[in-house]
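Everything below concerns the one structure shown next.
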Amino acid sequence: MRNRFLNKLLIVAAVFFTSSCNKDFLNETLTTARTTDFFLTDAGIQQLSVGAQYQVFDVPFNGEWNYCANNYGTDEFHIGGDPSNSPWNNYDATFGPTVIASNGNTALSNYQWDALYTGIGDANLLIANASKSTSTSTAVKNTALGEGYFLRAFNYLKLVSQYGGVPLQLTPINTVKTEFVRASAKDVCAQIISDLTNAAKLLPTAGGPARITQDAANHFLAKAYLFRASEINSAWNADTKAADLAAIVPLCDAVIAKHPLASDFGALWNFTAQNSANENLPELILSAQFTNDVNTLQGNGNTQHLYFVSRYDVQDQMARDLTGDRPFSRLATTYYDYRIYDLVNDSRFWKSYRTKSALNAAAPVAPNVKGDLGIMFVINQPGDTRFPLTKISKGTAGTNLIKDTRGTGRNIPTTYVAYPNGRTTDGALYTDATTAGQGFPSLSKHIDGSRNSLNDVVGHRDFILARSAETYLIAAEAKIRLAQAGTGSYADALPYINAVRARAQYASGEARDKYWDGGNTLLSASLQTPNVGNSFFAANSYYESNNIATTTAAASSLAITNVATLPAQDESIISTLGLSSTYDRMLALVLNERSRELAGEFKRWEDLARTKTLVARVKAFNPEGAANIKDIHVLRPIPQNFLDGIQAAGLSLTPDQKQAMQNPGY
């Protein structure tokens, strides 16, 4: 595995010496000093590339701003048990050009902006040096130059998706610069597409997902075309839309041909060890690389495992342990997550969320013993009358607990129920006052039990940046948009959608309650707290939730055959949103499919913002954001400290000039 933590910058060595009366006392020739000329060599530009990729790919996953910008304030996730970053979800008075911090964990408005422009600065340095390199190796120069173009485009695509038009800086800054102007979104998009087109010509065809390849460039080029053709740019994209949409599907088809889907959706998340099979599946196009090498980790790592986990450790007879992860409990699942899946035939919910935990406290209460089922989430259907309460525990039901009918037959200390007592409306799980919103199934895609101690925040899993399941759905959306424009039919999108759905079906002979996630990668039992057991439980609540007989038969087909009659789950969402046109229904379908496939993979806010479906979906499905979200929120505010720090004609900006540079409504 590549180590992007080494050699981010080469610093000219400083030699300190003491003067002497004898001038020959120390007469040495310094041979270790390096000037910026080193960056023109093979070794120099390769080390620049490593440093730039670390900044662009790895840095965003060490800390909290990235999930704030990409997962909060959507239909998929809302505030969990810790509201440290609630401004990003709630869209209230605490969110704006200056984010009002509630504590030291709060992600400020400039964190994303600063990180992305730092990455662009590194990319510009790489491009400049690779362009004038003295190397005799064309392959080294071309690869480095292609990587530089890709990295710059990657960050500008995120910037324009979040903020609209932003300053374009395309050369290294070698002196103090204080004057910047915002380029139009149109010009930023043109630069992104130019950079990715150039990158695709220069990058190697193999080496992913650890290396940037031609396939990665083409995947993101398709995304850039799709972004430019989306609703958020409708004021100016008429001249480019037809050509953009026509270009997307051939790009996607070329990538898909080289990156077959994994046969089992669960294989993507079956993290068993560093650099295990799940991190090298052919489906993966590009990943941010992380390592457990403490000599190079330097206190950094993938911390996203912390934020999606509910507070299992505060429940009856439960204790925090490595296999359950450290539950910062920032992001909780919404009822939208429970409504969009065919929970009987679609395996993706059950392979994306942890719904059972083992009792693991040091002193279990008889007759329970360590290892019994300690927590269960029943994700049932509206109208289910089997369960009287949304939380069934000794504190709520006395001894009338739910029994582990698929295991020991003993009582389960804590059971949560999505729809209790025949309830047909959403929201019961939001009302658990005993744990302040901390009762929800944890997204398990990022859970990491391979850490070195109970409270260690440094995770070691690679983070998937692109995989071909998304490439299929990019092509599907392009087909939908082409049909709206009069080219082809809406049914042309179905083969791409159905390919992803076919992989999601349970296979013949597959145990539907079998469960695995990266929590059960404990390096050594000695790392656990003394007397505390593992909370990882190798099963899910499929059968208890669906209330069906045990089966290992192949699932019913998830294929969609008629655009006029979509799956019941999609029709429910479409009805809630009040959509009627074929285009709106099909766009809703592909957005729902992106949730089913890509939930929690740091894409959702940008998908909803670019399609201008964010406001309607937040109002419908996000309990805290619904009351506050407005049309202005499809763009982020330009950070106030950026506006306060720049100048025009040598002078600080006036209030009117700052407002003119700010996005509307902020």
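Readers should treat all values here as calculations from the given coordinates under stated rules, not as data from a laboratory. The structure displayed is predicted, hence computed values, not measured ones. Backbone-built Cβ (ideal geometry, glycine too); neighbour counts: all protein chains shown.
The alpha carbon gyration tensor of segment 58-149 gives principal lengths a ≥ b ≥ c with a/c of 1.5 or higher and a/b greater than b/c, which makes the shape prolate. Highest mean packing comes first when the peptides 654-663, 401-410 are listed by Cβ atoms within 10 Å, giving 401-410, 654-663.
With a simple spin-label model that places each label point 7 Å from the Cα along the Cα-to-Cβ direction, the separation between residue 559 and residue 239 comes to 4.4 nm. Its relative contact order, with pairs defined as Cα atoms under 8 Å and 6+ residues apart, puts the chain at 18 percent.
The value of relative contact order for segment 397-546, using C-alpha pairs under 8 Å at least six residues apart, is 20 percent. Rounded to the nearest 0.05, the FRET efficiency derived from the C-beta distance between residue 246 and residue 524 at R0 = 41 Å is 0.15. Entry note, the chain: the mean residue ellipticity at 222 nm calculated from DSSP H runs of n ≥ 4, each adding -39500 (n - 2.57), is -10500 deg cm²/dmol after division by the residues and rounding to the nearest 500. Pairs of C-alpha atoms in segment 127-268 farther apart than 26 Å represent 33 percent of all such pairs. Using a cut-off of 29 Å between Cα atoms, the listed pairs 391/619; 186/603; 370/394; 132/603; 132/241 include 132/603; 132/241 as exceeding that distance.
The dipole here belongs to the chain: it is taken about the Cα centre, uses +1 on the Cβ of Lys and Arg and -1 on the Cβ of Asp and Glu, and is about 260 debye. Between residue 264 and residue 394, the contour length at 0.36 nm per residue exceeds the alpha carbon distance by 43.0 nm.
Between 0 and 90 degrees, the angle of helix 185-202 with respect to the longest Cα principal axis of the chain falls at about 80 degrees.
Ordering 320, 512 from the fewest to the most neighbouring beta carbons within 10 Å gives 320, 512. Quick one: net charge of residue 592's neighbours, Cβ under 14 Å, K/R +1, D/E -1? Summing Lys/Arg as +1 and Asp/Glu as -1 gives -3. Sorted from longest to shortest, the spans of the Cα atoms of segment 248-342 along the three principal axes equal 53, 45, 22 Å. Straightening the chain between residue 405 and residue 205 buys 66.8 nm, computed as 0.36 nm per residue apart minus the Cα-Cα spacing. Each residue in 457, 249, 176, 618 was given a count of other beta-carbon atoms within 10 angstrom of its own, and listing them fewest first yields 176, 457, 249, 618. Between residue 431 and residue 181, full extension at 0.36 nm per residue minus the direct alpha carbon distance yields a gain of 85.3 nm. Take the alpha-carbon centre of segment 388-415, take the same for segment 539-585, and report the distance between them in whole Å. The distance from the Cα centre of segment 388-415 to that of segment 539-585 comes to 29 Å. In this calculation the C-beta distance from residue 142 to residue 452 is compared with R0 = 56 Å, giving a FRET efficiency of 0.90.
Which of the three applies to segment 124-176, rounded, prolate or oblate, going by the alpha-carbon gyration tensor with a ≥ b ≥ c and a/c under 1.5 meaning rounded? Note, shape of segment 124-176 comes out oblate. Taking 19 Å as the straight-line reach from the Cα of residue 258, the aspartates and glutamates in range (excluding those fewer than 8 positions away in the same chain) are 215, 279, 283, 470. Once the mean of 1/r is taken over each pair of separate Cα atoms and inverted, the chain shows a Kirkwood hydrodynamic radius of 26.4 Å.
What does the C-alpha gyration tensor say about the overall shape of segment 395-488? Classify as rounded when a/c is under 1.5, otherwise prolate if a/b is larger than b/c, or oblate. It comes out oblate by the Cα gyration axes. Each of 361, 397, 333 was scored by the projection of its Cα onto the charge dipole of segment 312-451, and the greatest displacement toward the positive side belongs to 361; charges sit on the C-beta of Lys, Arg, Asp and Glu. A viscosity of 1.567 mPa s and a temperature of 4 °C, combined with the Kirkwood radius over Cα pairs in Stokes-Einstein, give a translational diffusion coefficient for segment 454-575 of 69 µm²/s. In terms of Cα to Cα distance under 14 Å, which aspartates and glutamates are near enough to residue 403, apart from those fewer than 8 places away along the same chain? Within the straight-line cut-off, residue 403 pairs with 372, 544.
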